[in-house]
Amino acid sequence: MFLGHFALAMATKKVVPKASLGTLVLSAQFADCLWPVLLLLGVEQVRIAPGITRVTPLDFISYPISHSLLLQLVWGLLLGGAYFFWRHDFRTALVVGALLPTHWLLDYFAHRPDMPLYPGGPKVGLGMWNSLPLTVIIEFGLFCIGLLLYLRAACSKGRRSYGLWSFVLFLAVVYAASLFGPPPPSVRVVALSALALWLTIPWAAWGDRQREAQPANLSP
Ligand SMILES: [Zn+2]
């Protein structure tokens with residue numbers, strides 16, 4: 001899953017208007033931000049196997065730290081805790097923390113049975129990636145719904161929203177290119193290009209500042 005994670009981050013703005021979209025993206029995509037770092041460090045493994053699913057040529061051999069359910073619950077607890085110490089807002093911290101392991105749930109729908117429940121534990125996955133049409137409908141469908149919910153939660157206040165719209169366009173184009181482009185030449189290229197995900201966090205935060213939540217929701 002790719003766009004679906006961003007969709008859920010955008011949709012969550014309505015629940016916690018005080019949280020920046022950058023924070024919500026960090027939480028929803030924490031696993032995929034951590035993954036290329038662990039790949040480059042040699043801690044987690046992937047290989048390129050064209051045809052292994054209809055959508056992605058990646059065979060996720062081992063990624064228990066970034067992508068097991070147990071560790072994502074732990075990362076959620078840590079991120080929620082960090083947010084609470086930073087902002088002293090328990091409700092927002094709770095939602096920011098709870099958003100993180102939703103990554104596992106969405107990936108569970110998309111991946112082959114390669115998603116570990118815990119390190120060394122059984123692996124599960126429903127395999128949405130075995131169908132290209134289904135993947136396109138679900139990913140772009142969720143993305144549109146998430147964007148609409150976000151637009152309702154954060155008004156533009158008359159300013160132009162370059163940040164948000166460039167962010168949305170970037171994600172849609174990058175994802176379409178990955179769906180219909182050739183398989184990556186090497187694992188190193190996969191890891192280095194996946195590091196670009198970190199950029200989406202400040203980018204989302206920038207877009208969010210241009211479209212702040214309603215004044216009633218702002219901190220005094
Ligand atoms: Zn993932």
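Quick note: the coordinates plus some simple rules give every number you see, no bench work behind them. Everything quoted here is computed from the prediction, not taken from an experiment. Don't worry about glycine lacking a Cβ; one is built from the backbone with ideal geometry, like all the others, and counts go over all protein chains shown.
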Using the Cβ atoms and a cut-off under 13 Å, what net charge is assigned to the surroundings of D32, where Lys and Arg are +1 and Asp and Glu are -1?
-2
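For the range 99-170, report the convex hull volume of the alpha-carbon atoms normalised per residue, in Å³, without decimals.
In the range 99-170, the Cα convex hull volume per residue is 112 Å³.
Just rank V25, V190, fewest to most, by other beta-carbon atoms within 10 angstrom.
V190, V25
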For the range 168-183 and the range 57-79, distance of Cα centres in Å:
24 Å
For K18 and N130, what does the FRET efficiency come to when R0 = 41 Å and r is the distance between their Cβ atoms, rounded to the nearest 0.05?
0.55
Environment charge of T56, counting only residues whose C-beta is closer than 15 Å and scoring Lys/Arg +1, Asp/Glu -1:
-2
Per its Cα gyration tensor (rounded if a/c is under 1.5, else prolate when a/b beats b/c, else oblate), the range 92-220 is best filed as prolate
Which is the longest stretch in the chain that no exposed loop site breaks, taking sites as trypsin sites (Lys or Arg not before Pro) with a DSSP loop state and at most 16 other Cβ atoms within 10 Å?
55-156
Against the 2.2 N^0.38 Å scaling, with N counting residues, where does the chain land? I'd like the Cα-based Rg ratio to two decimal places.
1.01
Charge context of H67, other residues only, Cβ under 13 angstrom, K/R +1, D/E -1:
-2
